[in-house]
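Inspection log for the structure reproduced underneath, given as structure tokens.
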Amino acid sequence: MIFIAFLVASMLTFGQELTNEQRSQLDKIVTQDVPKDAPGAAVGIVKNGKIIYTKYAGYANLEDSLKIDKNSRFNIASNGKQFTAFAILTLAEKGKLSLEDDIRKYFPNLYKNIQQPIKIKHLLNHSSGIREVYRLWSLQGFTWWKQQFSNADAMKLLQKQEDLNFTPGSKHLYSNSNYILLAEIVEKVAGISFVTYTNQMFQKLGMPNTSFVDDYTNIKGQIAKPYFNFETWSTYDWTCNIHGDGNLFTTLEDQLQWEKTIQTLESNHFSKEILAKSQQLIPNTNIDSYGYGLEFDEYKNEKYRYHAGATGAWKAITARFDDENFSVVTMINTGKIVPMMQAMQLADVLLGKKEEKADFPIVPASVGAKVSTRDILGLYRTDGGYTMEFEERNGKLYMIRSGRNDIELLREADNIFHQWNDKAFKQEFTKNSDGVMQITAYYPTVPPFTLTRIESDLSQFDVTSLNGSFQNSETDTSLTIKHEEDNTYKITIGKRQMEGLLIYENELLANNYNLSFEKDEEGNINEILVSADRIKNVRYKRK
């Protein structure tokens, strides 16, 4: 009887949370996108402070036929932000800094003309308004991950910035610059390098194989190399030294140890209070979707905290479900797997919601009035600036989106179309209350979103008034605009050339950039404001 009791207790300790059927389902999900002789994933689940599932699939190194295992180290990119935030919390707990500190206390050369305080807490939840350095480098024509940029390079670029995206604390806009600055603050306050400080922190957390990288030549351990597949698997060299916002190399074993720590709030070196605080929203702010390196959301009516990271073919996600007290950790080294989708599929198994339908419409409610192909041609845009264009070619309808291949659409009903190779992606065309054509897009994994066709009378606009060269001192780049025909322009920003389209008398689109402008009293355009997703109103003045 004693032996049986011990056996039952052992079973309850090491596997009570999963049935054989659940384990089989989890295995299938992890391996579904890992072909034979291909890179793959390391996946684990922790529930109530105990590891209840781990799975390693695929190869860490195809050249050496080295398989992914517990020693494999992945770059988890932005998923490392939670540890940068935790480092800040450890210094705050010791009284060495305050989240209310203005960052100019540590960097007096930053944003000298900005009067409003830019506080450490604004960096933590991305409400500082500070532009993202990667987007600024893109303006200069750099592909950042192909460079050997460092935090010093990022700081040099930020010191040239005169404006912010918005007033600090007023809204949330993700910017990696925030966490680069946080790493630099840790270094200044601790008096040692950020990597040294966090390595000491990781040792205390029982995560000996985890470390930020500030020198790519020092990356150690069994690395799960990143692979894309363009007809064949190919890898690339990693040479980036920027850290704090990401560039964290770690193993699944170490990440599961962290999950155990924050679920139990038990540590020999860190207080329950600081561990608990690291999983909460930041007090005295109005941001309710982002905390200490973590996003807050709901999935099928379940509240959860998460963060995803992506750097090339390296991708990772950690998702923590509060009510059921379990965490899913996924790390991959293949461009074939979508970790967010995989993590939610794994969560479905534990939540018992695999067959549950999405809590938003995935198809139009009904068929509307018939529209011809000619009726729907043109450029459409969301309120946030995302665009789709519809064009007819040889009698076929094509959807054009920036950064993606043009795709043919097939008519499904009078006003409903779908992507030729993905029937689930549906497009419904209707007219809004102003009689303007709009499209509502449906897909099973995202809520429907609507774009409205851009319609404006530009017949009185002098299309040549935009011609000329403009200069931005914050990035040392020039902007050249040259009218071509109709409402199109040739745009050059830094080293990049692109086609621009005038959509209103004060707005022009060029790839992912929005160019806005106003005429002065004499009808001249002396300034262009360039915006993209994480940089707003970068000011170019006419030369």
Tell me yes or no: at least one residue of the range 217-227 is more than 22 Å from the chain's Cα centre (by Cα) and assigned to a helix (DSSP H, G or I). yes
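Every residue, every condition in (1) within 30 Å of residue 251 (Cβ to Cβ); (2) modelled with pLDDT of 95 or more; (3) surrounded by fewer than 18 Cβ atoms within 10 Å (Cβ to Cβ), yes or no:
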| site | (1), (2), (3) |
| --- | --- |
| 339 | yes, no, no |
| 360 | no, no, yes |
| 372 | no, yes, yes |
| 377 | no, yes, yes |
| 397 | no, yes, no |
| 400 | no, no, yes |
| 406 | no, no, yes |
| 427 | no, yes, no |
Looking at the range 489-519, which of its residues are over 22 Å from residue 141 (Cα atoms) and either in contact (Cβ under 8 Å) with a residue 40 or more places away in the chain or β-branched (Val, Ile, Thr) (or both)? 502, 503, 504, 505, 517, 519
When the range 524-541 is examined, which residues are found to be touching a Ser or Thr at 6+ places or on another chain (Cβ under 7 Å) and either among the charged types (D, E, K, R) or part of a loop (DSSP other than H, G, I, E, B) (or both)? 525, 534, 537
Could you tell me whether any residue of the range 175-197 is within 23 Å of residue 472 (Cβ to Cβ), part of a loop (DSSP other than H, G, I, E, B) and modelled with pLDDT of 95 or more? yes
Return the residues of the range 469-485 that are of a type in the set (D, E, K, R) and closer than 26 Å to residue 153 by Cα; say none if nothing qualifies. 474, 476
Hey, which of the strands (runs of 3 or more DSSP E) in the range 331-447, taking only ones fully inside, have at least 3 residues that are of a type in the set (Asp, Glu)? 387-393
The range 80-104 residues that are free of Cβ contacts under 8 Å to residues at least 40 places away in the same chain and surrounded by 14 or more Cβ atoms within 10 Å (Cβ to Cβ), paired with ones that are among the aliphatic types (A, V, I, L, M) and part of a helix (DSSP H, G or I) (beta carbon under 6 Å, 6 or more apart): 101/120
Being more than 23 Å from the chain's Cα centre (by Cα) and at pLDDT below 95 is the filter here; which residues of the range 262-297 pass it? 283, 284
Residues to consider are 389, 412; find the one that is in contact with a His (Cβ under 7 Å, 6 or more places away or on another chain) and either surrounded by 11 or more Cβ atoms within 10 Å (Cβ to Cβ) or within 23 Å of residue 533 (Cβ to Cβ) (or both). 412
Please work out which residue is farthest from residue 369 (Cα to Cα), limiting yourself to the range 429-448 and to residues that are at pLDDT below 95 and within 24 Å of the chain's Cα centre (by Cα). 445
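The values are calculated or read from the model by the stated rules, or taken from the named source; none is laboratory data. Since the model is a prediction, treat every value here as computed from it, not as a measurement. FYI the Cβ positions are ideal-geometry reconstructions off the backbone, even for glycines, and counts take in every protein chain you see.
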